[in-house]
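**Student:** Structure incoming, see below.
We did not get these values from a lab; they are worked out from the coordinates using the rules stated. Every value quoted in this text rests on a predicted model; they were computed, and no experiment measured them. Glycine gets a Cβ as well: all are built from the backbone with ideal geometry, and neighbour counts include every protein chain shown.
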Amino acid sequence: MLIKQDQSPDCCSDSCCHSHSSDSKKDCAHSHDPMTITNEEMDVLMDLVQYSYIPVSRFVMSSCKEEEARFVSFAPVYINALDDSMEIVKEIGTVLSELEKKQLISLDYDIPLEDYDYTLHSNSVLFAYFTETVNEGKKNPSFLCDTAEIELGSIALTELGEKVSVQIRHEYNAANKAIKP
């Protein structure tokens, strides 16, 4: 699926969603850069349309001795099951990172979901493996980090993401109507 968009505020039609950088709305005759949305990205966008927010986390190594020694080791992390493999989580993370690069979602590690139980993340096999790796590293005197942490956050649609999601739903509904006899 191809979605056309530009970096400018507030113009959405059936064939493109974009905004204008000035206060005056132009007639949409300027050039557009195509934005390709994969099926996996569409799934995430539709989940966000349905739920508004979805959980995300990131794994961080830090030092109790050096306050400024803090490193994001793995992000974004979205876990569906306690035993999700590194490969599965990396695949989902790549989809989330691409959506963030396209400015369709925001990944907010400082805004956890109030009523969400993050035990899928904190009790996951993957976080246990990460913690074990940090603990192994502590045995090496030159290893700076001695603490494994998890930061809990949320994913939300951006304004552009909302517009693109509306366009995707519109195109999906139009395609389904065209198929029916």
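**Student:** Just for the range 133-158: of the residues that are acidic (D, E) and touching a residue at least 24 places away in the same chain (Cβ under 8 Å), which one is farthest from E68 (Cα to Cα)?
**Tutor:** E151
**Student:** What's the total number of residues in the range 117-166 that are under 15 Å from the mean Cα position of the chain (by Cα), of a type in the set (D, E, K, R) and farther than 20 Å from V60 by Cβ?
**Tutor:** Total meeting the criteria: 2.
**Student:** Here's a follow-up. Collect the residues in the range 75-88 that are touching a strand residue (DSSP E or B) at 6+ places or on another chain (Cβ under 7 Å) and surrounded by fewer than 19 Cβ atoms within 10 Å (Cβ to Cβ), keeping them in residue-number order.
**Tutor:** A75
**Student:** Which pairs do you get when a residue that is free of Cβ contacts under 8 Å to residues at least 60 places away in the same chain, found in the range 102-127, comes within reach of a residue that is surrounded by fewer than 15 Cβ atoms within 10 Å (Cβ to Cβ) and acidic (D, E), reach meaning Cβ atoms under 8 angstrom, with the pair 6+ apart or on two chains?
**Tutor:** Here the result reads S124/D83; V125/D83, each pair linking the range 102-127 to a residue that is surrounded by fewer than 15 Cβ atoms within 10 Å (Cβ to Cβ) and acidic (D, E).
**Student:** Which one of the conditions (1) touching a helix residue (DSSP H, G or I) at 6+ places or on another chain (Cβ under 6 Å); (2) exposed (fewer than 13 other Cβ atoms within 10 Å of the Cβ) does E68 fail to meet, given that it meets all the rest?
**Tutor:** (1)
**Student:** What number goes with the only condition from (1) touching a strand residue (DSSP E or B) at 6+ places or on another chain (Cβ under 6 Å); (2) more than 16 Å from T158 (Cβ to Cβ); (3) of a type in the set (A, V, I, L, M, F, W, C) that L107 does not pass?
**Tutor:** Result: L107 passes all but (2).
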